[in-house]
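Below you'll find the structure, written out as structure tokens, and then a few comments.
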Amino acid sequence: MSSPEYYIKSYCLIRDGKVSKNGEILFSDDSEEFPAFIKSAYKHFETDYSKFFKMDNLSKLAFMGAEVLLCENEEQNTALVLSNRASSLDTDRKHQAAISKESGAFASPAVFVYTLPNICMGEISIRHKLYSENSFFIFAEFNPYLLSDYANDLLISGKANEVLCGWVDYDKGKYDAFLYVIAKKGMLPHNTGELTKLYRTK
Amino acid sequence: MSELKQELKEKIIEQLNLEDVSVDEIANDDPLFGEGLGLDSIDALELIVMLDKDYGIRLADPKEGRKIFESIDTMAAYIAANRTN
Amino acid sequence: MNNVYLSHNNIVSAYGFDSASAVDSIKNEVTGLTLVDDSKILPNPFYSSLIHQENLKSEFQKLDTKEAYTRLEQILLVSLADTLKKSGIELTERVGLIVSTTKGNIDVLDPDNPFDESRAYLGELGKKIETFFGFKNEAIVLSNACVSGVLALAVAKRLIHQERYDHVFVVAGDLVSKFILTGFNSFQALSESPCRPYCKTRAGINIGEVGCSILVTKEKSNLVEESVQIIGEASCNDANHISGPSRTGEGLYRSIVSAMEQAKVEADAIDYISAHGTATMFNDEMEAIAFNRAYLQDTPLNSLKGYFGHTLGASGLLESIIGMHSLHSNTLYASPGFQELGVSQPLHIITKTSPKESNIFLKTASGFGGCNTAAIFKKVNS
């Protein structure tokens with residue numbers, strides 16, 4: 001099948017205490033712990049969204065990445081295709097700890113609801129009013145082949161006009177996000193070589 | 001009673017992650033849901049767990065929560081009347 | 001563009017170790033739900049449908065494995081081994097594998113579980129299945145809450161369209177665990193009796209356990225008598241709340257409309273709806289609103305949750321497989337537990353298993369995170 005040309009419209013990396021967009025560092029902070037880092041990023045970008053503080057770490061990470069990329073985005077039909085390695089294990093462990101307590105097990109609904117990796121896409125959809133396709137995949141590592149095939153199909157079939165794709169992983173205090181928007185016009189060609197190169201950017 | 005109310009405000013802020021709210025900003029008769037503090041359905045479930053965990057009150061019907069959680073006043077009155085620990 | 005079909009399939013459930021055992025029981029309106037008293041999972045007894053442990057053990061022994069596998073892995077391996085064998089497909093580079101699950105081996109987080117915590121990584125689960133059968137491609141694990149099972153079919157179709165694969169095997173499963181039940185219990189969502197989808201007296205869900213698998217293929221030469229073609233599918237988010245269903249059925253309505261557009265069918269072409277029907281107050285009400293907005297209020301509809309309970313990441317695939325058999329046998333299966341309509345909009349609930357000539361059915365699912373999926377399937381030999 002001959003595919004129409006699609007492009008990487010913009011991309012964002014959140015790792016090692018930095019938030020960057022299209023290769024330019026927008027924010028850096030030397031907080032060692034993720035919760036402090038992401039909170040200061042939230043303040044830096046002047047995000048006014050009190051629900052942010054109710055989110056788990058994975059959702060906060062994905063939410064901030066989407067904030068950077070979708071803040072000026074006017075395309076309503078933007079699909080979300082995200083992936084990671086650890087699923088929602090960070091929150092799963094919290095729920096497990098709560099129900100394993102000897103002194104009395106009390107599951108917290110506010111924790112349990114985040115024991116699914118796709119919840120972070122729900123948060124992004126609510127924030128940006130996206131009534132679009134959502135899929136969450138788990139891989140051992142960033143898999144540009146699956147993400148690009150899948151994004152192309154959503155665009156070709158008309159299910160979406162743009163696709164926010166990427167990798168958002170949070171596990172044992174380590175965080176790594178690489179999000180990008182695929183569109184009909186953009187700065188870089190949409191192919192696996194380009195995606196791999198951008199993902200590996202230090 | 002006023003001690004219990006103070007305690008409830010602190011717990012609500014802490015457990016429901018109300019980042020930008022301080023104890024002084026919550027009036028005893030402020031509505032907790034909707035307009036007031038803007039709590040939602042997950043918060044309501046979390047308050048049901050709090051009643052059970054911290055005050056030994058198990059609601060027979062979760063729908064009862066709607067009346068109990070109207071404000072700090074109603075919550076404190078209900079807890080004072082029904083607490084088992 | 002290639003047509004994409006659903007073919008060989010298997011269901012491992014409380015009813016047995018193949019699709020026929022489940023389909024026959026449903027035809028006879030026999031529920032798989034029983035009262036389970038296991039204080040390691042929940043302090044109070046609960047209704048569930050569980051895969052028989054001793055029988056699973058003996059089925060699994062037939063696979064002649066060398067290493068130790070978790071309970072979920074055993075369920076998935078037993079199911080997929082049957083589907084693979086029946087299909088006779090050689091595992092080349094053109095064959096993909098999708099694993100659909102919400103929580104995978106989540107029971108290994110329990111301090112009493114003998115397996116290492118690393119087994120909880122869903123990629124590890126995918127790897128175990130991929131390696132066991134010798135798939136040439138990395139397993140794609142899809143974890144998208146309760147729409148996973150039906151979304152996995154859409155993903156398979158899309159990857160075949162992109163010419164990544166010619167065939168994709170989808171295997172789906174989730175366990176009944178303390179992790180899941182305590183969570184749903186904290187949501188006040190569990191019913192103390194067998195669930196009653198869409199009924200006035202419904203009081204919440206039962207969680208159940210199945211493993212199921214299917215071949216998704218572009219080859220018309222490798223089909224079975226119950227095969228269907230995927231003629232439309234779509235997923236739309238509610239953009240409303242992460243756990244509460246939309247009051248307007250927004251995402252589900254949009255998913256149905258988009259799937260119908262792709263399938264080029266109108267509401268009156270749909271013979272039967274296999275709905276989500278978890279039997280919570282809000283879910284069933286949301287669905288009723290969405291189906292009415294899509295002019296589907298008169299289309300015969302069931303929820304299979306009264307047979308299996310809610311089987312989470314497997315439910316969408318499980319219910320699609322049952323739907324295939326429903327079309328093939330031209331039989332509408334009764335929606336168990338239903339007595340009197342308990343939603344604000346009209347729905348045509350199937351109250352008695354009865355014959356009906358059928359060609360097309362709609363499968364829907366909705367889940368936490370505001371996700372919704374609709375898929376439309378058409379009989380191949382019609």
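The values are calculated or read from the model by the stated rules, or taken from the named source; none is laboratory data. Bear in mind that the values here come from a model prediction, so they are computed numbers and not experimental data. Counting neighbours? That spans all protein chains shown, and the Cβs are built from the backbone with ideal geometry, glycine included.
Based on this model, can you work out whether C:Q53 counts as more than 29 Å from C:A189 (Cα to Cα) and polar (S, T, N, Q)? Even if it seems obvious, please write down each step before you answer.
Numbers: more than 29 Å from C:A189 (Cα to Cα): no; polar (S, T, N, Q): yes.
Judged against the criteria, C:Q53 is not a match.
Restricting attention to segment A:46-86, the residues being without any contact (Cβ under 8 Å) to a residue 40 or more places away in the chain and buried (at least 22 other Cβ atoms within 10 Å of the Cβ) number 1.
Has segment C:259-270 got any residue that is buried (at least 24 other Cβ atoms within 10 Å of the Cβ) and assigned to a helix (DSSP H, G or I)? Checked segment C:259-270: at least one residue is buried (at least 24 other Cβ atoms within 10 Å of the Cβ) and assigned to a helix (DSSP H, G or I).
Could you tell me whether segment C:162-172 includes any residue that is of a type in the set (A, V, I, L, M, F, W, C) and under 21 Å from B:K63 (Cβ atoms)?
First pass over segment C:162-172, keeping only residues of a type in the set (A, V, I, L, M, F, W, C): C:168-172.
When the remaining residues are screened for being under 21 Å from B:K63 (Cβ atoms), the result is none.
No: zero hits.
If the condition is being crowded, with 21+ Cβ neighbours inside 10 Å and among the charged types (D, E, K, R), then segment C:83-118 contributes C:K103, C:D107. The set of residues in segment A:158-202 being out of contact with any Leu (no Cβ under 8 Å at 6 or more places or on another chain), small (G, A, S) and under 28 Å from C:V257 (Cβ atoms) consists of A:G158, A:A183. Restricted to segment C:249-258, and to residues there that are surrounded by 24 or more Cβ atoms within 10 Å (Cβ to Cβ) and more than 10 Å from chain A (Cβ to nearest Cβ), the residue that is farthest from C:E357 (Cα to Cα) is C:G249. Restricting attention to segment C:103-122, the residues that are facing chain A (nearest Cβ under 10 Å) and of a type in the set (F, W, Y) total 1. Within segment C:227-248, the residues that satisfy the criterion of being at pLDDT 95 or above, more than 10 Å from chain A (Cβ to nearest Cβ) and either in contact with a Phe, Trp or Tyr (Cβ under 6 Å, 6 or more places away or on another chain) or under 28 Å from C:H325 (Cβ atoms) (or both) are C:S227, C:V228, C:Q229, C:I230, C:I231, C:G232.
Confirm whether A:L89 is under 30 Å from C:P43 (Cα atoms) and crowded, with 23+ Cβ neighbours inside 10 Å. Working first, answer last.
Values: under 30 Å from C:P43 (Cα atoms): yes; crowded, with 23+ Cβ neighbours inside 10 Å: yes.
Considered against the rule, which asks whether it is under 30 Å from C:P43 (Cα atoms) and crowded, with 23+ Cβ neighbours inside 10 Å, A:L89 comes out as yes.
A:Q96 satisfies every condition listed in (1) part of a loop (DSSP other than H, G, I, E, B); (2) out of contact with any strand residue (DSSP E or B) (no Cβ under 9 Å at 6 or more places or on another chain) except (1).
Pick out the one residue from C:L151, C:L122 that is in the same structural domain as C:S100 (by TED's automatic domain parsing) and in contact with a Leu (Cβ under 7 Å, 6 or more places away or on another chain). Talk me through it step by step, then tell me what you get.
Working: C:L122 fails: in contact with a Leu (Cβ under 7 Å, 6 or more places away or on another chain).
One residue alone meets the criteria, C:L151.
In a residue-by-residue description of segment B:50-67, the property of being within 14 Å of chain A (Cβ to nearest Cβ), under 24 Å from A:F52 (Cβ atoms) and out of contact with any strand residue (DSSP E or B) (no Cβ under 8 Å at 6 or more places or on another chain) applies to at least one position.
Just the residues that are part of a helix (DSSP H, G or I) and among the β-branched types (V, I, T), please, taken from segment C:288-338. Lay out the reasoning, then the answer.
Start the filter on segment C:288-338 by keeping residues that are part of a helix (DSSP H, G or I), which leaves C:288-293, C:305-308, C:312-328.
Passing the criteria: C:I289, C:I321, C:I322.
Restricting attention to segment A:51-76, the residues being within 14 Å of chain B (Cβ to nearest Cβ), out of contact with any helix residue (DSSP H, G or I) (no Cβ under 6 Å at 6 or more places or on another chain) and farther than 20 Å from C:D238 by Cβ number 1. Being in contact (Cβ under 8 Å) with a residue 24 or more places away in the chain, away from every other protein chain (no Cβ under 13 Å) and either surrounded by fewer than 18 Cβ atoms within 10 Å (Cβ to Cβ) or over 11 Å from the mean Cα position of the chain (by Cα) (or both) holds for only one residue in B:D24, B:D30, and it is B:D30.
Taken over segment B:2-47, the criterion of being of a type in the set (D, E, K, R) and under 18 Å from B:A77 (Cα atoms) is satisfied by B:E3, B:K5, B:E7, B:K9, B:E10, B:K11, B:D29, B:D30. On inspection, C:N144 passes the criterion of being of a type in the set (S, T, N, Q), within 18 Å of the chain's Cα centre (by Cα) and within 22 Å of A:D171 (Cα to Cα).
Identify the residue in segment A:112-142 that is more than 7 Å from chain C (Cβ to nearest Cβ) and in contact with a helix residue (DSSP H, G or I) (Cβ under 6 Å, 6 or more places away or on another chain) and, among all such residues, is farthest from A:A97 (Cα to Cα). Among residues in segment A:112-142 that are more than 7 Å from chain C (Cβ to nearest Cβ) and in contact with a helix residue (DSSP H, G or I) (Cβ under 6 Å, 6 or more places away or on another chain), the one farthest from A:A97 (Cα to Cα) is A:H128. Would you confirm, using the coordinates I've provided, whether A:G173 is free of Cβ contacts under 8 Å to residues at least 12 places away in the same chain, small (G, A, S) and surrounded by fewer than 15 Cβ atoms within 10 Å (Cβ to Cβ)? Against the criterion (free of Cβ contacts under 8 Å to residues at least 12 places away in the same chain, small (G, A, S) and surrounded by fewer than 15 Cβ atoms within 10 Å (Cβ to Cβ)), A:G173 does not qualify.
Among C:L296, C:L304, which is the only one that is under 20 Å from the mean Cα position of the chain (by Cα) and either closer than 16 Å to C:T364 by Cβ or without any contact (Cβ under 8 Å) to a residue 60 or more places away in the chain (or both)? I'd like the intermediate steps shown before the answer.
Working: C:L296 fails: under 20 Å from the mean Cα position of the chain (by Cα).
Result: C:L304 is the single residue among C:L296, C:L304 that is under 20 Å from the mean Cα position of the chain (by Cα) and either closer than 16 Å to C:T364 by Cβ or without any contact (Cβ under 8 Å) to a residue 60 or more places away in the chain (or both).
Output yes when any residue across segment B:60-75 is out of contact with any Asp or Glu (no Cβ under 7 Å at 6 or more places or on another chain), surrounded by fewer than 12 Cβ atoms within 10 Å (Cβ to Cβ) and modelled with pLDDT of 90 or more, and no when none is. Checking segment B:60-75: at least one residue is out of contact with any Asp or Glu (no Cβ under 7 Å at 6 or more places or on another chain), surrounded by fewer than 12 Cβ atoms within 10 Å (Cβ to Cβ) and modelled with pLDDT of 90 or more. The set of residues from segment B:27-52 being modelled with pLDDT of 90 or more, more than 21 Å from C:M281 (Cα to Cα) and in contact with a Ser or Thr (Cβ under 9 Å, 6 or more places away or on another chain) comprises B:A27, B:N28, B:D29, B:D30, B:P31, B:L32. Just one of the listed residues (C:L327, C:L312, C:L332, C:L304) is within 14 Å of chain A (Cβ to nearest Cβ), of a type outside the set (K, R) and in contact with an Asp or Glu (Cβ under 9 Å, 6 or more places away or on another chain), and it is C:L312. Would you check which residues across segment A:128-149 are under 20 Å from C:Y253 (Cβ atoms) and not aromatic (F, W, Y) and list them? A:H128, A:K129, A:L130, A:S132, A:E133, A:N134, A:S135 - these are the residues of segment A:128-149 that are under 20 Å from C:Y253 (Cβ atoms) and not aromatic (F, W, Y). Counting only strands (runs of 3 or more DSSP E) that sit completely within segment C:137-224, those holding 2 or more residues that are within 13 Å of another protein chain (Cβ to nearest Cβ) and surrounded by 24 or more Cβ atoms within 10 Å (Cβ to Cβ) correspond to C:140-142, C:167-174. Please find, among C:T101, C:T131, the residue that is out of contact with any helix residue (DSSP H, G or I) (no Cβ under 9 Å at 6 or more places or on another chain), of a type in the set (S, T, N, Q) and farther than 23 Å from C:N3 by Cβ. Exactly one of C:T101, C:T131 is out of contact with any helix residue (DSSP H, G or I) (no Cβ under 9 Å at 6 or more places or on another chain), of a type in the set (S, T, N, Q) and farther than 23 Å from C:N3 by Cβ, namely C:T131. Screening C:F282 on (1) surrounded by fewer than 24 Cβ atoms within 10 Å (Cβ to Cβ); (2) touching a residue at least 60 places away in the same chain (Cβ under 8 Å) shows it passes everything except condition (2). Across segment A:151-173, not a single residue is classified as facing another protein chain (nearest Cβ under 7 Å) and either under 23 Å from A:K54 (Cβ atoms) or of a type in the set (A, V, I, L, M) (or both).
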